[in-house]
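Please find one structure pasted underneath; my questions will follow.
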Amino acid sequence: MKQIQWLDDVEAHDYDAAYSYLNLAFDDEFCAAVVKKLRAAPITRTKAKDIIRMSGDVPLTAKDHAVAHDLEKMDKGTPMSPILLLRGRPVIIADGWHRCCGVLIRDPNAWIPHKIV
């Protein structure tokens, strides 16, 4: 099994995606503050299975188009962007849900780099 490759930092467009996702549940001011904090947060790592468990969401399968796309990236050794998390119970995967599900399929014990606030 190939080791999953990650970029050193989050891609810029992922912050916009996180804002858009969070804005479904929270107001603009809160979302802007969270994204600002995420941009400044350090990269840390947590196992895929723990992120999924704490999110409380049912993971997607390889049949999902976006998960399949990320699995292809993993197979090719293409580095992926770390994910963005909002701390809470449950933790909110603000960006990177499909990447997280793909990693869970490949190796539930694999470490996923992320920023969390």
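Can you give me the P(r) profile for the chain? Cα pairs, bins 5 angstrom wide beginning at 0, each as a whole percent.
2, 13, 23, 25, 20, 11, 4, 1, 0
Additional query: Under unit Cβ charges (Lys, Arg +1; Asp, Glu -1), what dipole magnitude, rounded to 20 debye, does the chain have relative to its Cα centre?
Once rounded to the nearest 20, the dipole reads 500 debye.
Within the accessible area of segment 24-101, what % is carbon and sulfur when the probe is 1.4 Å and the other protein chains stay in place?
Within segment 24-101, the accessible surface is 56 percent carbon and sulfur.
Would you please give the residues with an amide H less than 5 Å from that of W6, counting only those at least 5 places away or on a separate chain, with H modeled from the backbone geometry?
HN-HN under 5 Å from W6: M80.
Return the sequence-ordered ³J(HN,Hα) values of segment 6-21 in whole Hz as given by the Karplus equation 6.51 cos²θ - 1.76 cosθ + 1.60 applied to θ = phi - 60°, using x for Gly and Pro.
For segment 6-21, the Karplus-derived couplings read 10, 5, 6, 8, 5, 6, 4, 5, 5, 5, 5, 5, 5, 4, 4, 5 Hz, x marking Gly and Pro.
Moving on to the next point. Taking only DSSP H segments of four or more residues, each worth -39500 (n - 2.57), what value at 222 nm results for the chain once the sum is divided by all its residues, to the nearest 500 deg cm²/dmol?
Result for the chain: -14000 deg cm²/dmol, rounded to the nearest 500.
Right, next: Cβ neighbours within 10 Å, averaged per peptide: list 22-28, 81-87 in order, most packed at the top.
Packing order, densest peptide first, comes out as 81-87, 22-28.
What FRET efficiency comes out for the pair T44/D64, r = Cβ-Cβ distance, R0 = 25 Å, nearest 0.05?
Efficiency at R0 = 25 Å is approximately 0.45.
Can you give me the long-range amide H partners of D95? Hydrogens built in the peptide plane at 1.01 Å from N, cutoff under 5 Å, separation of 5 or more residues or another chain.
L84
Separate question: Would you grab the residues whose amide H sits under 5 Å from the one on I112? Only those 5+ places off in sequence or on another chain, please, with H modelled 1.01 Å from N.
Amide H to amide H, under 5 Å and 5 or more residues apart or across chains, I112 pairs with T46, K47, A48.
I've got another one for you. Determine the alpha carbon to alpha carbon distance for each of K36/K76; K47/K76; K49/K73; K49/K115 and list only those over 26 Å.
K36/K76
Apply the Karplus curve 6.51 cos²θ - 1.76 cosθ + 1.60, θ = phi - 60°, to the phi angles in segment 109-117 and return the couplings in whole Hz, x for Gly and Pro.
With coefficients 6.51, -1.76 and 1.60, one gets 8, 5, 7, 10, x, 7, 10, 9, 9 Hz.
Looking only at the chain, where both bridge partners belong to it, what percent of the DSSP beta bridges are antiparallel (to the nearest 5)?
65 percent
The values are calculated or read from the model by the stated rules, or taken from the named source; none is laboratory data. Predicted, not measured: the structure shown is a model, and the values here were computed from it. Neighbour counts are summed over all protein chains in view; Cβ atoms, including those assigned to glycine, are modelled from backbone coordinates with ideal geometry. With ligands, DNA and RNA removed, areas are computed over all heavy atoms of the protein, side chains included. Shrake-Rupley method; radii C 1.70, N 1.55, O 1.52, S 1.80 Å.
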